Amino acid sequence: MLDPKTLDELSRKFSENLPSGLREFQREVEQNMRAAMQSTFHRMELVTREEFDAQSKVLARTRAQLEALEERVSALEALVKESE
């Protein structure tokens, strides 16, 4: 999910661009926009940069472990073939 500060900033920028006659509704519009954006971002299943980086590291470690296991299996298969 996106950082709440980012959502606040987007809502604030939207509110600042409202005509002066609508500024009295700023807080309500801000809340509605924040809720709409959070809902949209949630449906899009977006993640933060930190979450993405953490998952990338997990994937890299898993890939390295898989490669090591593949090498071990190949070596064991070679030993089995030799002993037959």
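We did not get these values from a lab; they are worked out from the coordinates using the rules stated. Values in this document were obtained by computation on a predicted structure and should not be read as measured data. For neighbour counting, all protein chains shown are included, and Cβ atoms are generated from backbone atoms with ideal geometry for every residue, glycine included.
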(message) Against the definition (loosely packed, with under 12 Cβ neighbours inside 10 Å and either aliphatic (A, V, I, L, M) or in contact with a Pro (Cβ under 8 Å, 6 or more places away or on another chain) (or both)), how does Ala54 come out, yes or no?
(response) no
(request) Have a look at Asp8, Asp3 and point out the one that is out of contact with any Ser or Thr (no Cβ under 9 Å at 6 or more places or on another chain) and acidic (Asp, Glu). (result) Asp8
